[in-house]
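Below you'll find the structure, written out as structure tokens, and then a few comments.
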Amino acid sequence: MATAKKVTSVKKTAAPAAAPVAQQVRPVVSALTPAQLQVQAFEKAVRCFAAQNFSEALAAFVEVPKGPAMDVSQRARSYIQVCERRLSSQTLEFRTVDDHYNYAVERLNTRDTGNARRHLESALKLKPRSEHVLYTLGICCALAGDGAGAYENLKLAIEIEPRNRVHARQDSDFTLAAEHFPNLRDLLVA
């Protein structure tokens, strides 16, 4: 015997009404990774730096080290130091021997022998027989390849304070320069 299949009717229901447009917009998710965003921030900061807008560059560089890329963070920290130095040097006033001397030593540490020499010479104008300034000017001259200047300034520093000869013998900047300048070598050996 054949059984009849029960046919059920399916009632079609209306499709749900479309959601309003405001509900359809999903939040924009950046397709960039945090490292890529960090690089973009770094590039923006470098553009400000190149335009010599150091205060804006400094503010931008400060945000960069918060990202995950360590190499970019390290470069940003270097730029932060440069920006800070540029901003502070714009307001520096050099009034004393120590002001000139300290700035010259900072410049010498970065191998900026031109600025270092100018400030050491300015310090000597204020106090001509300052043995520590003469000694440092001797180093500055040696680093700049001026053997005669290194010799003359170190010679004066030793005349004022004989212990400077001992210090110079132990100073790698003078010992390296003495290899190239015989008169400086003779001064260290004497």
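The values are calculated or read from the model by the stated rules, or taken from the named source; none is laboratory data. Because the structure is a prediction, the values reported are computed rather than measured. Please note: Cβ atoms are built from the backbone with ideal geometry, for glycine as well, and neighbour counts cover all protein chains shown.
Summary of computed values
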read-out: Among (1) at pLDDT 95 or above; (2) charged (D, E, K, R); (3) part of a loop (DSSP other than H, G, I, E, B) - the single one K125 does not satisfy; value: (3)
read-out: The range 128-152, residues that are under 15 Å from V97 (Cβ atoms) and either in contact (Cβ under 8 Å) with a residue 40 or more places away in the chain or part of a helix (DSSP H, G or I) (or both); value: E131, H132, V133, L134, Y135, T136, L137
read-out: Number of the exception - L108 against (1) in a helix (DSSP H, G or I); (2) surrounded by fewer than 17 Cβ atoms within 10 Å (Cβ to Cβ); value: (2)
read-out: When residues of the range 166-190 are limited to those that are surrounded by 17 or more Cβ atoms within 10 Å (Cβ to Cβ) and in contact (Cβ under 8 Å) with a residue 12 or more places away in the chain, the one farthest from N109 (Cα to Cα); value: L187
read-out: Inter-residue pairs, beta-carbon under 6 Å, first within 14 Å of L137 (Cα to Cα) and in the range 95-106, second part of a helix (DSSP H, G or I) and hydrophobic (A, V, I, L, M, F, W, C), 6+ apart; value: V97/A123; V97/L126; H100/A123; Y101/A123; Y101/V133; A104/A116; A104/L120
read-out: Residue match in the range 48-68 (condition: assigned to a loop (DSSP other than H, G, I, E, B) and closer than 30 Å to R185 by Cβ); value: no
read-out: Tally of residues being outside any helix (DSSP H, G or I) and basic (K, R) across the range 111-122; value: 1
read-out: Qualifying residue in the range 73-85 (condition: surrounded by 14 or more Cβ atoms within 10 Å (Cβ to Cβ) and within 13 Å of Q40 (Cα to Cα)); value: yes
read-out: Qualifying residue in the range 100-114 (condition: of a type in the set (D, E, K, R) and over 30 Å from F61 (Cβ atoms)); value: no
read-out: Some residue of the range 86-100 being in a helix (DSSP H, G or I), buried (at least 18 other Cβ atoms within 10 Å of the Cβ), touching a His at 6+ places or on another chain (Cβ under 9 Å) and not acidic (D, E); value: yes
